[in-house]
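Before any comments, here is the structure.
The values are calculated or read from the model by the stated rules, or taken from the named source; none is laboratory data. All values derive from a computational prediction rather than experimental measurement. Backbone-built Cβ (ideal geometry, glycine too); neighbour counts: all protein chains shown.
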Amino acid sequence: MSGVLKELDQVELVNINRLVYILKGLSAAELETLEILLDEEASKTITQSLKELEKGQGIPIEEW
């Protein structure tokens, strides 16, 4: 493997280790938020719901 490729592997490893460190430091609520943000369908549903709410199209809680 060339020197450049070895360097890239080390850079990726450092970035992954940093990501692991950050993820380990997240609270349960932050992890749940991250899961929702990574779930494309959930994000679309939330975005659509917020748009409906802004337009006054929401269903009052007493009608649920």
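Per this entry, residue 26 is not counted among residues that are modelled with pLDDT under 90 and either surrounded by 10 or more Cβ atoms within 10 Å (Cβ to Cβ) or in contact with a Phe, Trp or Tyr (Cβ under 7 Å, 6 or more places away or on another chain) (or both).
State whether one or more residues within region 45-64 are aliphatic (A, V, I, L, M), modelled with pLDDT of 90 or more and exposed (fewer than 10 other Cβ atoms within 10 Å of the Cβ). No, region 45-64 has no match at all.
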